[in-house]
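Taken together, the values in this text are just the output of simple stated rules run on the coordinates, not laboratory data. None of the values given here were measured: they were computed from a predicted structure. Using ideal geometry, Cβ is built from the backbone for each residue, glycine included, and neighbour counts are taken over all protein chains shown.
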Amino acid sequence: MAATGADALVHAIESYVSLPANPFTDALALQAIRMLWTYLPQTYAHADNLEARGQVHLASTLAGMSFSLGGLGIVHSLSHPMSARYGVPHGLANAVILPKVIAYNLPASTEKYATIARMIDPSLHSVSMQQAAKTLIPLVEELMHSIDIPQDFSHLDHHFTDEDIAQLAEDAMNDHGTVHYNPRKAVKDDIEAIYKKVLPVNIDEKIYH
Ligand SMILES: [Fe+2]
């Protein structure tokens, strides 16, 4: 429930800031985000709340309509190889990666991230657009925490080498259905840097030194 719900939220946020976004996808995405923010934690906390669950299903469909018209971005580019190579459930991979990609995309999507943040927390109308946009990162982290999404992939029983990360980044760059629609043009080095923020690396050093 948490993983698929978070996937719907990622669909909405990615399509809202994607390059092909337009007023139709904006409307669908913002409404989906608003509904998921309210009802996903409620559904997760109370699995028998069918009213909340119904709202999550509707929001998921709105988000699907948004990304089928507006495309996705590099959250999905990075998550697909994590699922294909390491078996991470799709929504879980997206959920872990999302805050890092918002941080990466901030300079390219400041206004839109600020719009989302201010919709969630209206008090952010009193701070600058840059500050409001940046605040979306802890807001998303808080939401993910409330549905027990981990902050990184340290639960995977795998020590990621530079070669592993290079391979993942190459896969991500070849995810042509998503990578080209990201609001900030990403090169392989950027993708590797984002992976390194969420993958357990240098585990041996941490343990033995
Ligand atoms: Fe997805």
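Okay, here's what the table says:
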item: Filter result for the condition that a residue is hydrophobic (A, V, I, L, M, F, W, C) and in a helix (DSSP H, G or I), over ALA47, ALA93, ALA21; result: ALA93
item: Members of the stretch 120-172 that are among the charged types (D, E, K, R), closer than 28 Å to HIS46 by Cβ and part of a helix (DSSP H, G or I); result: GLU141, GLU142
item: Residue list for the stretch 48-72, filter: within 11 Å of the ligand (Cβ to nearest atom) and either within 30 Å of ILE165 (Cβ to Cβ) or of a type in the set (Asp, Glu) (or both); result: ALA63, PHE67, LEU72
item: In the stretch 83-94, the residues that are aliphatic (A, V, I, L, M) and under 14 Å from ALA3 (Cα atoms); result: VAL88, LEU92, ALA93
item: Single unsatisfied condition, GLU14 versus (1) more than 14 Å from the ligand (Cβ to nearest atom); (2) among the charged types (D, E, K, R); (3) buried (at least 21 other Cβ atoms within 10 Å of the Cβ); result: (1)
item: Verdict on TYR39 being free of Cβ contacts under 8 Å to residues at least 24 places away in the same chain, touching an Asp or Glu at 6+ places or on another chain (Cβ under 9 Å) and not charged (D, E, K, R); result: yes
item: Filter result for VAL75 (within 13 Å of the ligand (Cβ to nearest atom), touching a helix residue (DSSP H, G or I) at 6+ places or on another chain (Cβ under 7 Å) and outside any helix (DSSP H, G or I)); result: no
item: Among residues of the stretch 167-195, those that are surrounded by 15 or more Cβ atoms within 10 Å (Cβ to Cβ) and not small (Gly, Ala, Ser), counted; result: 16
item: Pair list, Cβ < 6 Å and 6+ apart or interchain, from the stretch 59-80 residues that are in contact (Cβ under 8 Å) with a residue 40 or more places away in the chain to residues that are away from the ligand (no atom under 12 Å from the Cβ) and among the hydroxyl-bearing types (Ser, Thr, Tyr); result: SER66/THR25; LEU69/THR25; GLY70/SER18; GLY70/THR25; GLY71/SER18; GLY71/TYR181; GLY73/SER18; GLY73/TYR181
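Conditions (1) among the hydroxyl-bearing types (Ser, Thr, Tyr); (2) surrounded by fewer than 19 Cβ atoms within 10 Å (Cβ to Cβ); (3) on the phi > 0 side of the Ramachandran plot; (4) under 13 Å from the mean Cα position of the chain (by Cα), marked per residue:
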{"position": "VAL10", "(1), (2), (3), (4)": "no, no, no, yes"}
{"position": "LEU19", "(1), (2), (3), (4)": "no, yes, no, no"}
{"position": "ALA29", "(1), (2), (3), (4)": "no, no, no, no"}
{"position": "ALA47", "(1), (2), (3), (4)": "no, yes, no, no"}
{"position": "GLY54", "(1), (2), (3), (4)": "no, yes, no, no"}
{"position": "LEU69", "(1), (2), (3), (4)": "no, yes, no, no"}
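Yes/no matrix, rows are residues, columns are (1) within 16 Å of the ligand (Cβ to nearest atom); (2) more than 13 Å from the chain's Cα centre (by Cα); (3) in contact (Cβ under 8 Å) with a residue 12 or more places away in the chain:
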{"site": "ALA84", "(1), (2), (3)": "yes, yes, yes"}
{"site": "VAL88", "(1), (2), (3)": "yes, yes, yes"}
{"site": "GLU111", "(1), (2), (3)": "no, yes, yes"}
{"site": "PRO122", "(1), (2), (3)": "no, yes, no"}
{"site": "SER126", "(1), (2), (3)": "no, yes, no"}
{"site": "ALA132", "(1), (2), (3)": "no, yes, yes"}
{"site": "MET144", "(1), (2), (3)": "yes, no, yes"}
{"site": "HIS159", "(1), (2), (3)": "no, yes, yes"}
